There are 2 protein chains.
Amino acid sequence: MKNLVGACMFGQSGGPTSVINSSAAGVFIEALAQKNITKVYGAANGIQGILNENFYDIGKEDEKELYLLKNTPSSALGSVRYKLKSADVDDTDYKRILEVFKKYNVRYFFYNGGNDSMDTCNKISKYLLKSGYECNIIGVPKTIDNDLYGTDHCPGYGSAAKYVATTMMELFLDATVYDKGQITIVEIMGRNAGWLTAASALASYKGLGPDLIYLPEQAFDIEKFLIQVKNVADANQGKCIVALSEGIKTADGKYVVEAIADSSAAKDSFGHTQLGGVAATLAGHVKEKIGGKVRAIEFSLMQRCGAHLASKVDVEEAFEAGRVAVRSACEGNTDKMVVFIRKPGKEYEISYELMDIELAANTEKKIPDNWILPDNKGLSQEFIDYALPLIQGDCKAPLEDGLPRFAKLRKVKV
Amino acid sequence: MKNLVGACMFGQSGGPTSVINSSAAGVFIEALAQKNITKVYGAANGIQGILNENFYDIGKEDEKELYLLKNTPSSALGSVRYKLKSADVDDTDYKRILEVFKKYNVRYFFYNGGNDSMDTCNKISKYLLKSGYECNIIGVPKTIDNDLYGTDHCPGYGSAAKYVATTMMELFLDATVYDKGQITIVEIMGRNAGWLTAASALASYKGLGPDLIYLPEQAFDIEKFLIQVKNVADANQGKCIVALSEGIKTADGKYVVEAIADSSAAKDSFGHTQLGGVAATLAGHVKEKIGGKVRAIEFSLMQRCGAHLASKVDVEEAFEAGRVAVRSACEGNTDKMVVFIRKPGKEYEISYELMDIELAANTEKKIPDNWILPDNKGLSQEFIDYALPLIQGDCKAPLEDGLPRFAKLRKVKV
């Protein structure tokens, strides 16, 4: 498409990460430097902010604060979970977006998120094209789940993986400190892909990780799980550390929490099934069937917003992904997502490329079967070689009073 | 007591911290340098290791690894929770300790722990004195709870407080990212004293902390809690962040989990009361009574072993406390605990002093009433001024493959 002149709009979508704001910084700093971009807008709460005409003039921010975004976790503009209907079914939202884009002469649109957000990007792109409104649209990938198709890895994954591996090493030292046994079950995010849980294998690679790892890529067998845990504990003074994905399911497709609830009649006095986290549920089950001290731990939101443990590689790549998106759009590209292609060779190096956004939308990338060791013993050397370069280096916010000095945006409404 | 010549024994006890090994490093490095100390032993699993004659020859460790202990969380020698009976009731253990100390000519004993450990130290000290066996005994304080009497603060607290404050700031950004509301309830360690939960007020001081803070120092009123949460959420787009101590109790002395279980008949099908964490229990209660999205988060073991977020002040003070213990014992002191006395004045500075160990044993220091703001609104400026100097600076293990390189001890058995 053409080399357009006009405003640019940027939005953040889906669950936050430690580095989604680093991509925002990349987009903003690059966009403010581009001659063809007349105004830089940041949408409050993603697509919702566009629909509601609620966005900020990024040109009014201090450059220093924009750079501080690189180390500020979560989504500084606010996020949203909003799935656009197909334009064929209901084009109300699309008409509204077109109206707003026309009103503010938005000729560049950058959207930062995971599968669903790339789907949103794709749908808007197709609609605007059909409407004859010229606007270059580039998706910037982001997800701790690392499940986006077509890119070697996703910004956000490296930092979350570093959080998981580091924290698992520390937990290992804590959970094995007594001469008495303890079975420790750690729940890690990931509904359908186990990339983040797999990162706990990096701790095992250092000798301080889980004994057993359960991923959503493989059917979960509760009886087998109990036997495996008992075998490890029996051989190891009653100590066993387990890492598992929140999304593990039994062979018949049920979440483990539901499966256990169904089987053990753990219902409350009103007959409701009590649903907790999968680690807590399995901990209760292990306590009942094996006994001894059992502890469930959830990395919860901390694993996705723990920017104090961000990987330098991840922070810089996320920043660069934002810059590449803007440069590519200004060069006339549209309807693409930025992807990372790993160069062959021993030294880790990536190139930033563009891929048709349609390919990224709604496709999930899972861990290759042959990277998963049998009997839940963890991940193969291929996975270690894949993941280790992504967690290299430290990069965090400067300290002020011993605490992180995160970006403070003015957020001047347009 | 005299300037004794003989071996020294060191043990770690109670729950781990991020810096308990820093004190171990201080003890080991100083002891290895003292002329009067002929051998340096480290007891496996504290007092248990002495009773079982299970200890390591620290002289056989690499000095480099001993220095790496400064940034290695948890208890490198293994810990124990073992309460000695009174010697008047049953002196079996004491006789055994005396026997082992005689066999290895142990003339210096250093024990690193909290109230219970200081009680152990005190009992052994009194027994050996009565038995006429000369041994200089010094306690080294340690607890994330910060509840030891007689010291301005305890090694371990600063780092745990830094973990809590930093993580709370990150969580704040994550938990408020959507335009939809969410009530977030964060559970922090502390059975009887709220020092660690209070550290979340440091995040509020930076504008990114909890709206409401509940400490065990004050009776917890479930109805009042619901009203306070609802009021904050109503005024704030449904968003409210709560920090609370695991040990909060109702006015009649019941733990909140028990109190709610009693009142709401949340029993399972076998009639057992379902006990979970207090945050999870209150989250369920809030969901039932107020509705909306509610999330319970536990900082769990991470808050006490998160050495990657250790405070430099804490690491150095813990190390120095170990060195001071050894030097003081070699100068003839015994039956004391090392304490930190804060010097008056604007600049933070402490001196290392000795206090009768009996005073430390089994006395709990709580947060002064006048530091606690009314209506659970947090902590006063006095608390901020007290706590802020303790979390200053970063100090963590060197990275190897992007992950912490913790100490690897040879652990050569004696």
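Throughout, read-outs are computed from the coordinates displayed, never taken from laboratory work. Just so it is clear, the model here is predicted, and its values are computed rather than measured. All Cβ positions, even for glycine, are placed from backbone atoms using ideal geometry, and neighbour counts span all protein chains on display.
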For segment B:165-305, what size does the Cα cloud have along each of its three principal axes, sorted from largest down, in whole Å?
44, 32, 25
Label zone at residue A:60 (point 7 Å along Cα-to-Cβ), backbone N below 15 Å, segment A:383-409
A:409
Counting other Cβ atoms within 10 Å, keep those with at most 11, restrict to DSSP loop, and tell me which trypsin sites (Lys or Arg not before Pro) in segment A:293-371 are left.
A:346
Shortest first and in nm, the label-point separations between residue B:224 and its counterparts in the other identical copies (7 Å out along Cα→Cβ) come to 5.3
When chain A is treated as a GNM, springs tying every alpha-carbon pair under 10 Å, which of A:250, A:334, A:92 comes out with the largest mean-square fluctuation?
A:92
Residues in segment B:233-256 near a label at residue B:366, defined as backbone nitrogen under 18 Å from the 7 Å Cα→Cβ point?
B:244-256
Put a point 7 Å out from Cα along the line to Cβ at residue A:83; what are the distances to that point in the other copies, in nm, shortest first?
5.5
Output the antiparallel fraction of DSSP beta bridges having both residues in the protein assembly as shown, as a percent to the nearest 5.
35 percent
If you build the convex hull over the alpha carbons only and average its shadow over all orientations, what do you get for the protein assembly as shown? Give it in nm² to one decimal.
35.7 nm²
Per-residue ellipticity at 222 nm attributable to helices in the protein assembly as shown (runs of n ≥ 4 DSSP H, -39500 (n - 2.57) apiece, nearest 500 deg cm²/dmol) works out to -11000 deg cm²/dmol
Proximal aspartates and glutamates to residue A:230, defined as alpha-carbon separation beneath 18 angstrom and excluding residues fewer than eight positions away on the same chain:
A:179, A:211, A:221, A:288, A:375
With DSSP loop assignment and no more than 14 other C-beta atoms within 10 Å, the GluC sites (Glu not before Pro) in segment B:36-95 are none
DSSP-defined beta bridges in chain B - what % are antiparallel, rounded to 5:
35 percent
On average, how much area does the Cα convex hull of chain A cover when viewed from any direction, in nm²?
22.5 nm²
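Before anything else, pin down the relative contact order of segment B:165-305: Cα pairs under 8 Å, at least 6 apart, normalised by residue count, whole percent.
Working: 252 pairs, mean separation 43.7, N = 141.
Result for segment B:165-305 is 31 percent.
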Treat every Asp and Glu Cβ in chain A as -1 and every Lys and Arg Cβ as +1, leave all other atoms uncharged, and give the resulting dipole magnitude about the Cα centre to the nearest 20 debye.
940 debye
What is the angle, in °, between the Cα long axis of helix A:312-330 and the longest principal axis of the Cα atoms in chain A? Nearest 10 is fine, range 0 to 90.
30 degrees
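Could you tell me which GluC sites (Glu not before Pro) in segment A:335-414 are loop residues by DSSP with no more than 13 other beta carbons within 10 angstrom of their beta carbon?
Within segment A:335-414, the qualifying GluC sites (Glu not before Pro) (loop, at most 13 other Cβ atoms within 10 Å) are A:347, A:349.
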Which is the longest part of chain A that has none of the chymotrypsin sites (Phe, Trp or Tyr not before Pro) sitting in a DSSP loop with at most 15 other Cβ atoms within 10 Å?
A:134-269
What does the copy distance list look like for residue A:180, label position 7 Å along Cα→Cβ, in nm and ordered from shortest?
4.3
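How much length is gained on full extension from residue A:89 to residue A:347, taking 0.36 nm per residue of separation minus their Cα-Cα distance?
Result: 88.0 nm gained on full extension.
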